[in-house]
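The values are calculated or read from the model by the stated rules, or taken from the named source; none is laboratory data. The structure presented is a predicted model; accordingly, all values stated were derived computationally and were not measured. Note that each Cβ is placed from the backbone with ideal geometry, even for glycine, and that neighbours are counted across all protein chains shown. We work out accessible area using only protein heavy atoms, side chains counted, and drop any ligands, DNA or RNA first. Shrake-Rupley method; radii C 1.70, N 1.55, O 1.52, S 1.80 Å.
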Amino acid sequence: MKSLSLTIFGITSNLAQIKLIPALYDMAEKGLLPENIEILGNARTPMSKDEFAHYIENVLHSPNIHHTHPVKPEIVKKLLSKFHYISGHLDDPSFYAGLAKILRLNRSADKIFYLATYPELYHHIFENLQKVGLNKQTKGFVRMMIEKPVGNDLKSAKELNQLLLTYFEENQIYRLDHYLGKETLQNILTFRFSNGIFEPLINKDYINHIQITAAEDFGIGARGGYYDQVGALKDVGQNHQLQMLAFATMDAPSEFSSRAVTAQRIKILQDLIPFPTKAVFGQYEGYHQEKNVDPNSNTDTFYALKTYIQNDRFKDVPIYIRAGKKLAQTVTEISIIFKNPANRLLKHLDCSDEPNVLIYRIQPNEGIVLKILTKIPWHENKLQPEYMQYCYRVDPHSHYIPDPYERLIADTIRGDQTFFNDAKEVEAQWAFTDPLASTRKKPYIYKPGSWGPKEADELIEKDGRAWLEPSMDFCRI
Ligand code: BG6
């Protein structure tokens, strides 16, 4: 049987430890790893077979908020039987000769490469893979998985896309933004396009405005070296949050295919208007004391912005987006706030001006809920807001909802690019973010545990609106 190889460049990286190794474990547990797969982990430090096995076990047993369910010894054993370690420097051509030899000995016809390493090494990797013929699809497929952010601005993204296309075809390149692999995001497409009754309301005639929040109550942890160079806008704004917006507002694809779905996402991203004067940046108090952070750093750990989609469907519908670290709560959601009909009944009662809100709760308390007004059961008329809800009701210790990395690795093995970014898409994201990033001023300092600087509240309050406080009242387990 011809075999499949998954080579992870950077097996000791933070990404591999937090996401990839746990996702591969889950795939092993769920029987989703093909029987014929060989996983090659690469890093610089030499490690014996036992040392490597010990490293993988250690990773799986370390506390990880993304992987909380019990780790079973028999699954670890199964996973380890697929894993091999190959040390070497990625800028050293002799490493690739060794890699090619191993892949040949394993009769690995289908090859997947995962870049979990520094972008500065990418060109060495591509060039050297080509030199030993590992980018050629002679007997099987070759696929390259590359993590967001692709580039650091539009110019560098274009250069990287160009570089990738020098060695690979677009259909070999899997640009990964793990938000696209989230079940709760993918379900937005089903909710909107497989039901008939909601979609007619998703437009300027019914919608007052849209809010998107991605808040985390924790800081940057040990990632200062990376984060301080990037900041919140580029870390999650340019990618995850724009994708959330795209899923919530794109037009129906003509079919459920990679080409059609991606085309609709791109259209929305290209129609977004950046307003540098409508962006607020913040930094949490104490950020300068974080490890590997410049003590004078002006890096944003929070941002809030206002934008519009330049198309007829959403003309003049404001969209407010915010994200940050060390905020009051960990919660990610999209809220569609509907207009209140002028002729509504019981206008004089308390709460009667509460708008209907459609909430796509990405995490936690995952679900899709509609905030409505109902009558409090009694002899008189009194109103109360309530939630109509579809809830996943997930036990956080189960892994019933696939982890996005699990999903996206499985998609790459299958050759399905629907939930990956193509070159144009990434460039459209940067074209929106660049004018905001390049005009960033010194960030406002905010208190850990707050909702960011007061200037972010003022941004929306100027329009007579307010940020919605994410509710934990629905979809509780
Ligand atoms: C990553 C960012 O891409 O996404 C992190 O680099 C962020 O800073 C993370 O915490 C959020 O992902 P999730 O799936 O935990 O919401």
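Whether a residue is open to solvent by 20 Å² or more (accessible area, probe 1.4 Å) and touching a residue at least 24 places away in the same chain (Cβ under 8 Å) was assessed, and SER257 passes this test.
Take the residues in region 149-183 that are of a type in the set (A, V, I, L, M, F, W, C) and outside any helix (DSSP H, G or I); name whichever of them is nearest to the ligand (Cβ to nearest atom). The residue in question is LEU176.
I'm trying to understand the selection: among the residues of region 367-383, which are touching a strand residue (DSSP E or B) at 6+ places or on another chain (Cβ under 8 Å), more than 22 Å from HIS209 (Cα to Cα) and either in contact (Cβ under 8 Å) with a residue 24 or more places away in the chain or not in a strand (DSSP E or B) (or both)? First the steps, then the outcome.
Narrowing region 367-383 to residues touching a strand residue (DSSP E or B) at 6+ places or on another chain (Cβ under 8 Å): 367-376, 381-383.
Those still in the list that are more than 22 Å from HIS209 (Cα to Cα) too: 374-376, 381-383.
Result: ILE376, ASN381, LYS382, LEU383.
Inside region 312-347, can you point out the residues that are part of a loop (DSSP other than H, G, I, E, B), buried (at least 17 other Cβ atoms within 10 Å of the Cβ) and away from the ligand (no atom under 13 Å from the Cβ)? Steps first, please.
If we filter region 312-347 for residues that are part of a loop (DSSP other than H, G, I, E, B), which is where we start, we get 312-318, 325-326, 328-330, 339-347.
Filter once more, keeping what is buried (at least 17 other Cβ atoms within 10 Å of the Cβ): 314, 317-318, 325-326.
Correct list: PHE314, VAL317, PRO318.
For first residues located in region 213-229 and crowded, with 18+ Cβ neighbours inside 10 Å, partners that are modelled with pLDDT under 95 and outside any helix (DSSP H, G or I) and lie 6+ apart or on another chain with Cβ distances below 9 Å form the pairs TYR227/GLY221.
Would it be correct to say that LEU60 is open to solvent by less than 20 Å² (accessible area, probe 1.4 Å) and either within 18 Å of GLY98 (Cα to Cα) or of a type in the set (Phe, Trp, Tyr) (or both)? Explain how you work it out, then say what you get.
Numbers: open to solvent by less than 20 Å² (accessible area, probe 1.4 Å): yes; either within 18 Å of GLY98 (Cα to Cα) or of a type in the set (Phe, Trp, Tyr) (or both): no.
The answer is no for LEU60.
Residue check: is LYS204 basic (Lys, Arg), under 23 Å from LYS441 (Cβ atoms) and either within 16 Å of the ligand (Cβ to nearest atom) or surrounded by fewer than 17 Cβ atoms within 10 Å (Cβ to Cβ) (or both)? Before you say what the answer is, go through the steps one by one.
On the way: basic (Lys, Arg): yes; under 23 Å from LYS441 (Cβ atoms): no; either within 16 Å of the ligand (Cβ to nearest atom) or surrounded by fewer than 17 Cβ atoms within 10 Å (Cβ to Cβ) (or both): yes.
No, not satisfied.
Residues in region 1-27 that are touching a strand residue (DSSP E or B) at 6+ places or on another chain (Cβ under 7 Å) and not hydrophobic (A, V, I, L, M, F, W, C): 6 in all.
For (1) under 26 Å from ARG361 (Cβ atoms); (2) within 16 Å of the ligand (Cβ to nearest atom); (3) not hydrophobic (A, V, I, L, M, F, W, C), each residue gets a yes or a no:
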position: ALA222; (1), (2), (3): no, yes, no
position: ALA232; (1), (2), (3): yes, yes, no
position: GLY237; (1), (2), (3): yes, yes, yes
position: HIS240; (1), (2), (3): yes, yes, yes
position: MET244; (1), (2), (3): yes, yes, no
position: GLU255; (1), (2), (3): no, no, yes
position: ALA263; (1), (2), (3): no, no, no
position: PHE275; (1), (2), (3): no, no, no
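For region 73-148, the helices (runs of 4 or more DSSP H) that sit wholly inside it and include 2 or more residues that are hydrophobic (A, V, I, L, M, F, W, C), open to solvent by less than 60 Å² (accessible area, probe 1.4 Å) and farther than 19 Å from LEU176 by Cα are 73-80, 93-105. The lone criterion from (1) open to solvent by 10 Å² or more (accessible area, probe 1.4 Å); (2) in contact (Cβ under 8 Å) with a residue 24 or more places away in the chain left unmet by THR307 is number (1).
Here TYR226 passes the criteria (1) within 16 Å of the ligand (Cβ to nearest atom); (2) closer than 25 Å to ASP403 by Cβ; (3) at pLDDT 95 or above except the one numbered (3).
I'd like to know if region 404-424 contains one or more residues that are assigned to a loop (DSSP other than H, G, I, E, B), under 22 Å from ILE210 (Cβ atoms) and open to solvent by 20 Å² or more (accessible area, probe 1.4 Å). No: zero hits.
Taking residues in region 179-197 that are at pLDDT below 95 and among the charged types (D, E, K, R), and partners anywhere that are more than 16 Å from the ligand (Cβ to nearest atom) and outside any loop (DSSP other than H, G, I, E, B), not one pair has Cβ atoms closer than 8 Å while being at least 6 places apart or on different chains. Restricting region 236-254 to residues that are among the hydrophobic types (A, V, I, L, M, F, W, C) and part of a helix (DSSP H, G or I), which is most open to solvent (accessible area, probe 1.4 Å)? Result: VAL236. Residues in region 185-201 that are within 14 Å of the ligand (Cβ to nearest atom) and surrounded by fewer than 20 Cβ atoms within 10 Å (Cβ to Cβ): GLN186 alone.
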